[in-house]
1. What list do you get for K61, K18 if you sort them by fewest beta carbons within 10 Å?
2. Can you find, among V193, T101, C55, the residue sitting farthest towards the positive end of the charge dipole of the chain, where Lys and Arg contribute +1 and Asp and Glu -1 at Cβ?
3. Arranged by the count of other C-beta atoms within 10 angstrom, fewest first, what order do E127, E147 take?
4. Taking the Cα atoms of the chain alone, what are Rg (to one decimal) and Dmax (as a whole number) in Å?
5. I want to check the label-to-label distance for S152 and M100. Put each point 7 Å from Cα in the C-beta direction and report it in nm to one decimal.
6. Take the Cβ-Cβ distance between I42 and N124 as r, set R0 to 41 Å, and report the resulting FRET efficiency rounded to the nearest 0.05.
7. Do any of K37/K61; K18/K77; K37/K157 go past 23 Å between their Cα atoms, and which?
8. What does the helix-only formula give at 222 nm for the chain: each DSSP H stretch with n ≥ 4 adding -39500 (n - 2.57), the total divided by the residues, and the result rounded to the nearest 500 deg cm²/dmol?
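Read-outs throughout are calculated quantities, based only on the coordinates presented, and are distinct from any laboratory measurement. Being a predicted model, the structure only gives us computed values, none of them experimental. Here the Cβ is made from the backbone with ideal geometry for all residues, glycine too, and neighbour counts use every protein chain on show.
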Amino acid sequence: MTAMQITGDNLSTVEMTKRFGGVTAVNGATVTFQHGKVNGLIGPNGSGKTTFFNCVTGMIKPDSGVVTYRGRTIMGKPPHTIARAGIGRSFQLCRIFPRMTVLENLLVAVRTTRLSALMSGSRNPAETERARGWLRRVGIDHLEHTEARNLSYGQQKLLELAGVLMGDPETIMLDEPAGGVNPALIGRIATLVRELNAEGKTFIGTAHGLVDSWG
Ligand SMILES: Nc1ncnc2c1ncn2[C@@H]1O[C@H](COP(=O)(O)OP(=O)(O)OP(=O)(O)O)[C@@H](O)[C@H]1O
Ligand SMILES: [Mg+2]
């Protein structure tokens, strides 16, 4: 590891390790992801990809190592601080609110939206318009009043991605974005990733193997 790698805007880990009892899920990972690019984290089942994501985004604490982003240490910071630093993420098992509508899911994804305001029906018009913009962008705006549980799995992944985009992250970590999604929607997700990357967003995606339509 050289000083070169932890300067600049890149997201990097140095010797990051996470154990669960006797299982070493992440073993001294030293990785630098290129800012402004589409990066991949490839490995078979159980190789530690999700644990790596959880460590980087502050959802679990690594046992040792360093995580830096834009030249600053982010390891040990809580998830909302890391999110505010510009790193957004999706989950391997989609995290959405199944009984809320598609639009409501996006409005609760925004930290400036108070749940009480949402429940009482008083929405921030600017946030609602922004949410509709992302729904159009990911191609599910026609479903805005549909309860999220009635979406196909691929559509739920697109909804989750729109929720991540509501946070305006500059780096987006996608855990198995193609997993369990039908080929047509994989194509749409891949196209979105390429377009958003061309607009300046950095991506880090996990997969079990190389996915042709990526990058
Ligand atoms: N919370 C946990 N408690 C105990 N063991 C865990 C926990 N999370 C993950 N593990 C173990 O850590 C190892 C890495 O799991 P992880 O889910 O990070 O792998 P992965 O590469 O994301 O796998 P997949 O491709 O199936 O998503 C596995 O052996 C798993 O059983
Ligand atoms: Mg995983």
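1. Fewest-to-most Cβ neighbours within 10 Å comes out as K61, K18.
2. Going by the charge dipole, the pick is C55.
3. Lowest to highest Cβ neighbour count: E147, E127.
4. When restricted to the Cα atoms of the chain, Rg and Dmax are 17.4, 53 Å.
5. Label at S152, label at M100, 2.5 nm between them.
6. 0.55
7. Checking Cα-Cα distances, K37/K61 exceed 23 Å.
8. Taking each H run of at least 4 residues, the total per residue is -10000 deg cm²/dmol.
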